[in-house]
Each structure stands twice: as C-alpha cells, then as structure tokens.
Amino acid sequence: MKPHTYTSVFHDWFTFSNYYSIIARRLAELRRPVRIAEIGVLEGAGTSYLCVELMNLGVEFTLFAHDTFALGKYEHFTFENQLEKFSKQMRQAGCYERVIPIKGDSSLKASIHDDNSLDFVFVDGNHSFMGLVKDVGAYWNKLKDGGIMGAHDYTPAHPAVWAFGNELARNPELNVEFYGEPDNVWSVTKNPITTP
C-alpha cells in the first residue's frame with residue numbers, strides 16, 4: 001500500500017478524505033480505466049489523496065485537474081506558485097503521469113472533455129452560486145450515465161454551496177447524498193445504472 005504524502009499550508013481545507021475514499025472504492029467497482037475531472041485543486045492535497053487511494057485499489061485512471069493556478073489572496077492566505085506546488089505534490093504521490101493540469105476558467109475549459117466521458121467530477125472551485133451554476137452546468141453532460149458529481153463546502157459557512165445543494169435536493173429526479181462533518185460534500189449520481 002502506497003502511503004499518503006499530501007501536505008498543504010491550507011491543511012484545514014482538505015476535509016473530504018472520507019468521501020474520496022468512498023469514491024475511490026466506487027470507481028474501483030467499475031473494473032475499467034476511469035476519467036476524472038477535479039475543479040479547484042489549489043496545491044493538490046485532495047488530488048494527491050484520491051490518486052493514492054485509486055492506485056492502492058489498482059484503478060487505472062486519468063485525472064484532469066482544473067484550476068486557475070493564479071496568484072491571489074483569500075483571507076490571510078496568499079496563493080503563489082500554485083502550479084509548481086501542485087506538480088510537486090503529484091510527483092510525491094507518484095501520480096504525476098496520470099494527472100493533467102488544466103489552467104484557466106473551469107467552466108470554459110469543460111469543452112476539452114467529450115460528453116459522456118467522465119466517471120467522476122468534483123467541484124471545489126468558484127464558491128459563488130453563479131460559479132456553481134456554471135461549473136455544474138458545464139460538466140453535467142460530460143458525466144457518463146452512472147457517473148458521480150460532488151461538491152465541497154456544503155455547509156452554512158459557505159451559503160452559496162449550501163443553497164445550491166439544497167436546490168438540487170428539491171429535484172425529485174435527483175438522488176442527492178449529503179456527507180456531513182468533516183467532509184461537507186453534496187453528491188449526486190447521474191442517471192444511476194441499476195443491475196437486475
């Protein structure tokens with residue numbers, strides 16, 4: 001078993017390891033290579049964790065890591081050299097060759113993916129309501145039937161993500177799952193495939 005090597009200045013921002021472990025097991029059950037898009041990867045702590053989980057389960061995968069990788073500030077944090085830090089994390093995790101960083105606005109970069117081509121999409125980028133509308137709208141058709149989409153920060157501390165998850169839950173055609181503390185994730189399977 002490969003150990004987890006992720007590190008981050010933003011240690012309290014990667015809170016969804018339980019959810020990622022569940023997702024890795026679900027993807028392993030497919031028994032085929034999988035394609036993943038992660039939206040908002042920061043320094044790659046979550047990406048590294050998911051990669052190691054998948055490798056330990058013997059899953060062949062390609063992960064597209066969407067982020068602006070831009071210099072910026074949030075609260076008392078300064079973001080700089082994000083792509084360099086992200087790439088270092090991927091090398092440490094041993095998954096550098098399986099992860100493709102995609103720099104730019106994630107909702108505009110969705111077009112690089114064919115419709116019905118992704119098995120899992122995780123949204124942790126723009127936390128505004130309209131940012132979520134754009135990302136979820138841009139990537140929903142990219143998911144295969146049976147594919148899973150999740151989003152981080154489903155908590156009242158992030159009102160737009162909270163409101164968006166609650167809106168999804170009101171749709172009777174969607175089976176929305178919620179993962180509470182510490183994960184704080186909403187998750188939905190697109191057109192779940194049932195086996196007889």
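FYI, it's all coordinate maths here, none of it is from the lab. Remember, it's a predicted structure, so these values are computed and weren't measured experimentally. Virtual Cβ from ideal backbone geometry, glycine too; neighbours counted across all protein chains shown.
Structure data summary
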item: Positive-pole candidate from 123, 106, 143, dipole of region 33-189, charges at beta carbon; result: 106
item: Karplus-derived 3J(HN,Hα), 6.51/-1.76/1.60, for each residue of region 113-121, Hz, glycine and proline x; result: 9, 5, 4, 6, 10, 10, 8, 8, 10
item: Positive-pole candidate from 51, 82, 169, dipole of the chain, charges at beta carbon; result: 51
item: Other-chain or far-sequence residues with amide H under 5 Å of residue 102's (modelled H); result: 65, 66, 67
item: Karplus-derived HN-Hα couplings along region 146-155 (A = 6.51, B = -1.76, C = 1.60, θ = phi - 60°), whole Hz, x at Gly and Pro; result: x, x, 10, 10, x, 9, 8, 6, 6, 7
item: Pairwise label distance in nanometres, residue 145 with residue 98, each label 7 Å out on the Cα-Cβ vector; result: 2.8
item: Nitroxide proxy distance, nm - points 7 Å out along Cα→Cβ at residue 191 and residue 25; result: 2.8
item: Cβ crowding within 10 Å averaged over residues, with 18-28, 164-174, 33-43 ranked highest first; result: 33-43, 18-28, 164-174
item: Net dipole in debye of region 133-187 [+1 Lys, Arg Cβ; -1 Asp, Glu Cβ; about Cα centre; nearest 20]; result: 220
item: Proxy reagent accessibility, fewest Cβ within 10 Å first, across 178, 61, 120; result: 178, 61, 120
item: Percent of Cα-Cα distances greater than 24 Å, calculated over region 33-189; result: 32
